Structure formats: C-alpha cells, structure tokens
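The values are calculated or read from the model by the stated rules, or taken from the named source; none is laboratory data. The model shown is predicted, which means the values in this text are computed figures rather than measured ones. Note: ideal-geometry Cβ built from the backbone for every residue, glycine included; neighbour counts use all protein chains shown. The accessibility values were calculated without ligands, DNA or RNA, using every heavy atom of the protein model including side chains. Shrake-Rupley method; radii C 1.70, N 1.55, O 1.52, S 1.80 Å.
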Amino acid sequence: MLHTAFEQPVDQCQQVFRAVLSALAEPLLPRRLPCLPPPLPGLSEASAALLYSLVDQEVAVWLPPLPADTLESLRFHTGLQICRDVAQADFILLTRGCPLPALTGLKSGTAEYPDRSATLLIEVEQFNTRQIEGCGPGIPACRRFGAVGLAADFWTQWQQNHTRFPRGVDVILLAGEHIAGLPRSTRIQEG
C-alpha cells in the first residue's frame, strides 16, 4: 500500500527545503516546519517531510528498519536509494532510540570537495537551552541550546567533528514539528 505524500508536492517540498536551509544558516535556532505530510508508519511527520524534500535518486540514504509500506512509499515519491553501509550514506536518518554511529566514521568530504559529506537527520524528544553554548557563522554572539534524547556522547563527538572543518558532517535535529540545524562550522562548549 502506498501512502500519500504532500498534497502539493512541489510547493510544499520547496517550503520544507527553504526551512532546512534557514535552519542551517542560523544554527541551533529551532524553527517550525511550514508544512507536514500525512504520517508514515515508523517515522515522525518531520522526518517524512525532510525525506520527501531532500532525497532523490541521486543520493544514498541509510535508514533504520522501517515497515515495507513506508519504504515503498518513499521509493515511489522520492526515488529513494537505500545504502546498507552507514559510512557511505549521503543522508542518515536516526529515529528515536537509534544508536548514534561514530561521526568520524561517516562521509566527511575531501579537502577539494568538503560538501560531499553526510547529513544526519536525528529525531529527539524536544529542544531546550540547557546543554551547550554554540558559536560560529549564523550565530550573532553565542546561543544556548539543548536537545533531550541525544546520545550521551553526541556533543563530545560533535567537538571532534568540528576539528575536521571544512570537512565533517552536518546535522539536522528534529523534535515534533520543529527542526534545528547544526552545520559543521558550529563550535560548541558544553555546560
């Protein structure tokens, strides 16, 4: 059984794509997604929205185990190409409770092409301002941020990821109907 995607796929995918770009341009500033598709079994609506908007037949996506009808719907609407090796994936979706792979083991681009790196989409429970202080491009001074439900070693791994800049991975955190961008250029201090 195929599930429906957005009612107006072109317009709504563009709206979500612009929201993702804005989230990465202003790191650690949660923003509400402008529209959400109908639910897909095994995925949050925000995850489905980002997959519909970011994925096509040109990228490799690593996904956790999902129901067959969800995978078929994603293939139909996006041309989804599943990658079985997380280290080779262009996009990696981590639903709640999914273990965090070592960020240093993921595609991090090259010196010539740092943009050829992985983007992680990580579902969390909610955002707050209690874990870290972030600085860098797109943050006027510093910004307090936190995400309930991140792996215990996420922020430590993030600091190691940043040391490889301009190489490294980018992250989009998803909580309910909101997203927050974390590009590799963002420096953080815990506490």
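Condition check ((1) at pLDDT 95 or above; (2) in a loop (DSSP other than H, G, I, E, B); (3) under 14 Å from the mean Cα position of the chain (by Cα)) across all residues:
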| position | (1), (2), (3) |
| --- | --- |
| Ala49 | yes, no, yes |
| Ser53 | yes, no, yes |
| Glu58 | yes, yes, no |
| Val61 | yes, no, yes |
| Pro65 | yes, yes, no |
| Leu71 | yes, no, no |
| His77 | yes, no, no |
| Arg84 | yes, yes, no |
| Arg96 | no, yes, yes |
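When Thr129 is evaluated against the numbered criteria (1) open to solvent by 40 Å² or more (accessible area, probe 1.4 Å); (2) of a type in the set (Ser, Thr, Tyr); (3) over 20 Å from Ser22 (Cβ atoms), which criterion, by number, is the only one it fails?
Every listed condition holds for Thr129 apart from (3).
Condition first: aliphatic (A, V, I, L, M) and outside any strand (DSSP E or B). Now tell me which residues in the range 130-170 satisfy that.
First, the residues of the range 130-170 that are aliphatic (A, V, I, L, M): 132, 139, 141, 147-148, 150-152, 169.
Of everything in the range 130-170, those that are aliphatic (A, V, I, L, M) and outside any strand (DSSP E or B) turn out to be Ile139, Ala141, Leu150, Ala151, Ala152, Val169.
Say we look at the range 1-24 and pick out the residues that are open to solvent by 20 Å² or more (accessible area, probe 1.4 Å) and among the aliphatic types (A, V, I, L, M); which of these is modelled with the lowest pLDDT?
In the first step, residues of the range 1-24 are kept if they are open to solvent by 20 Å² or more (accessible area, probe 1.4 Å); the result is 1-4, 7-15, 17-18, 21-22, 24.
Restricting the remaining residues to those that are among the aliphatic types (A, V, I, L, M) gives 1-2, 10, 21, 24.
Numbers: Met1: 83, Leu2: 91, Val10: 95, Leu21: 98, Leu24: 98.
Here the residue is Met1.
May I ask you to verify whether Pro101 is open to solvent by less than 30 Å² (accessible area, probe 1.4 Å) and either touching a His at 6+ places or on another chain (Cβ under 7 Å) or of a type outside the set (A, V, I, L, M, F, W, C) (or both)?
Values: open to solvent by less than 30 Å² (accessible area, probe 1.4 Å): yes; either touching a His at 6+ places or on another chain (Cβ under 7 Å) or of a type outside the set (A, V, I, L, M, F, W, C) (or both): yes.
Yes; evaluated as a whole, the condition is true for this residue.
What are the residue pairs meeting all of these: first residue in the range 25-51, first residue over 25 Å from Ile139 (Cα atoms) and open to solvent by 10 Å² or more (accessible area, probe 1.4 Å), second residue β-branched (Val, Ile, Thr) and assigned to a helix (DSSP H, G or I), Cβ atoms under 9 Å, and 6 or more apart or on different chains?
Cys35/Val16; Leu36/Val16; Pro41/Thr70; Gly42/Thr70; Leu43/Thr70
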